[in-house]
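Worksheet for the structure shown next.
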């Protein structure tokens, strides 16, 4: 595993030199197809952004991710990056190091904003029924005429595997108070999330996530995401999701397909607003070690 770590930093340095466009820096194609849901169960490196406790259940591997599209009218975002999971048996706990290169236009911004996101996350099973995770993230954005202070924030997540088929989660994302100087489109607001995960016989996975943003949400409106995942053959998995977004006042549809090979995994994710024709697409390459 140690010999492969330099590969991550080479990939990251290459990404820094490529132009990119950004939206949700935390989405890979897997979670994009689930509309950002999956806080109680997601077996991919990007799970560190949804709930750092999920890191405690990951295996070692590398993920390369790219997404592009319009999250809303007159806006455009692109995200590209990599995540490295180190889950060797001798570690204190499994860990994930992630890098994202992003660019955002529209969404109330006076000029296009380019940025970088770094995150380190750790998760550990303290018992058979309790997993704890923590994450620290650094965000840096810049653009013509933009004066955006750097952002540091932390996430704390918990996971409760009630049975082998049922899991519950609680996540506090972006603990603290973000600076008022950060534009809303670039700001990470504190958010609380409750999640549930259920696996049926025959490999059907159901997920539900209920979240509430704790800033710029005077009416305490909530977002609800429901998704299902089904194995269509030995190597292919289909995903479908729907969200009811109280804060934004709109619904979204997500879908995706994965190839789960023994040495190579590919993900495609799709997201569409039901209020207009704006869409986002994403692809991932995952290499388990």
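The values are calculated or read from the model by the stated rules, or taken from the named source; none is laboratory data. Quick caveat, the model's predicted, so the values are computed rather than measured. Please note: Cβ atoms are built from the backbone with ideal geometry, for glycine as well, and neighbour counts cover all protein chains shown.
Annotations
- Verdict on residue 155 being crowded, with 18+ Cβ neighbours inside 10 Å, touching a residue at least 40 places away in the same chain (Cβ under 8 Å) and closer than 23 Å to residue 117 by Cβ: yes
- Selection count where residues are assigned to a loop (DSSP other than H, G, I, E, B), touching a strand residue (DSSP E or B) at 6+ places or on another chain (Cβ under 6 Å) and exposed (fewer than 15 other Cβ atoms within 10 Å of the Cβ), scope region 240-279: 2
- Test: residue 167 is more than 16 Å from the chain's Cα centre (by Cα) and at positive phi: no
- Those residues of region 113-152 which are touching a helix residue (DSSP H, G or I) at 6+ places or on another chain (Cβ under 8 Å) and surrounded by fewer than 20 Cβ atoms within 10 Å (Cβ to Cβ), in sequence order: 124, 125, 132, 134, 148
- Residue 209 meets the conditions (1) touching a strand residue (DSSP E or B) at 6+ places or on another chain (Cβ under 7 Å); (2) assigned to a loop (DSSP other than H, G, I, E, B) in every case but one. The failed one is (2).
- Here residue 138 meets each of (1) part of a strand (DSSP E or B); (2) closer than 23 Å to residue 41 by Cβ; (3) free of Cβ contacts under 8 Å to residues at least 24 places away in the same chain with one exception, condition (2).
- Residue within region 171-185 that is within 20 Å of the chain's Cα centre (by Cα), at pLDDT 95 or above and more than 25 Å from residue 216 (Cα to Cα) present: no
- Residue satisfying condition, being in a loop (DSSP other than H, G, I, E, B), surrounded by 17 or more Cβ atoms within 10 Å (Cβ to Cβ) and touching a helix residue (DSSP H, G or I) at 6+ places or on another chain (Cβ under 8 Å), within set 93, 83, 67: 93
- If you go through region 48-64 and keep only what is more than 13 Å from the chain's Cα centre (by Cα) and in a loop (DSSP other than H, G, I, E, B), you end up with 58, 59, 60.
Table: residues versus (1) modelled with pLDDT of 95 or more; (2) touching a helix residue (DSSP H, G or I) at 6+ places or on another chain (Cβ under 7 Å).
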| residue | (1), (2) |
| --- | --- |
| 245 | no, no |
| 249 | no, no |
| 252 | no, no |
| 255 | yes, yes |
| 263 | no, no |
| 267 | yes, yes |
| 270 | no, yes |
| 279 | no, no |
